Amino acid sequence: MGKGDRSAARAYFEQAAATGRVSARAHLARVLIAAGLRDDASRELGEVLSAAGADPDALAQARRLRLGLDRPDLEADLERAGRAALSAEATRLDEVRAAFERVLVFDPQIWEAHFGLGLAARRTEDFIAAAASFRRALELAPEQPDVMHELGVALLASGSKADALGLLDRAAALRPGQAAYIADAGFAHLRAGDLDAARERLRIASTIDADDPLTRAYLAELERIEAETGKVN
């Protein structure tokens with residue numbers, strides 16, 4: 001963003017903040033950080049975090065921005081651990097968990113750190129611990145589809161089918177172009193015994209990505225169950 005663009009963005013968000021839009025202050029803080037005005041940004045973040053009735057998304061943005069301002073070392077840890085939680089060898093997961101926990105010592109309400117702990121727990125197939133971490137992340141970021149999806153998958157794996165269904169359907173609705181999300185929702189309905197709902201979701205997922213291996217595996221399982229029960233498509 002060029003200097004002129006930053007000036008225009010700053011003016012816009014200052015006007016929006018003056019009308020009482022708390023979320024505008026979080027965006028304003030981001031612009032101020034980019035302009036090198038750290039003290040001004042810190043004041044705006046303080047306004048967001050102390051505001052009554054601030055929406056969860058604005059609070060989440062403010063907490064993450066404050067982490068980067070006050071503890072850039074921890075923000076770097078968070079980003080590295082987030083990548084490693086998906087790809088690290090099992091022997092490194094203790095190191096990954098420790099990084100997320102350091103972030104939570106600084107601020108226990110950073111949803112990304114709870115989400116990361118859930119991913120690490122999922123890697124060891126501790127789905128109950130994963131669900132607990134994902135649930136806390138969802139409390140802090142209630143409209144975050146990745147969190148909904150991962151919590152739904154963890155609940156399904158730990159046997160909580162009814163709770164998983166709603167979460168996976170909501171996540172799929174928020175990510176309508178993501179075949180894997182829709183396929184997982186279909187599989188949840190399959191596990192719950194609702195074959196019609198499962199087939200509809202898996203059909204949509206297959207239309208989006210006919211080569212997705214997860215969707216194809218779920219469809220094969222659906223067809224096996226339908227053959228066993230004598231259900232005609």
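Each reported figure results from applying straightforward, stated rules to the coordinates on display, with no laboratory input. Because the structure is a prediction, the values reported are computed rather than measured. Don't worry about glycine lacking a Cβ; one is built from the backbone with ideal geometry, like all the others, and counts go over all protein chains shown.
Observations, loosely collected:
- Counted by neighbouring Cβ atoms within 10 Å, the residues Ile110, Ile128, Ile33 run from fewest to most as Ile128, Ile33, Ile110.
- Relative contact order, percent, the chain [alpha-carbon distance under 8 Å, six or more residues apart]: 9 percent
- Projected label points at Asp194 and Arg21, each 7 Å from Cα along the beta carbon direction, are separated by 3.7 nanometres.
- Counting every other Cβ atom within 10 Å of each residue's Cβ, Asp184, Asp209, Asp94 order from fewest to most as Asp94, Asp209, Asp184.
- Rounded to 10°, Cα long-axis angle of helix 145-157 versus longest principal axis of the chain: 40 degrees
- Annotation: the residues Asp169, Asp146, sorted from fewest to most other C-beta atoms within 10 Å of their own C-beta, follow the order Asp146, Asp169.
- Helix axis angle, 22-34 relative to the chain longest principal axis, alpha carbon, degrees: 70 degrees
- The stretch 1-149, dipole about Cα centre (Lys/Arg Cβ +1, Asp/Glu Cβ -1), debye to the nearest 20: 280 debye
- Since only Ile33, Pro108, Ala51 are under comparison, the one whose Cα sits farthest along the positive direction of the charge dipole of the stretch 1-127, derived from C-beta charges on Lys, Arg, Asp and Glu, is Ile33.
- Taking the C-alpha atoms only, the angle from helix 127-140 to the longest principal axis of the chain is near 40 degrees.
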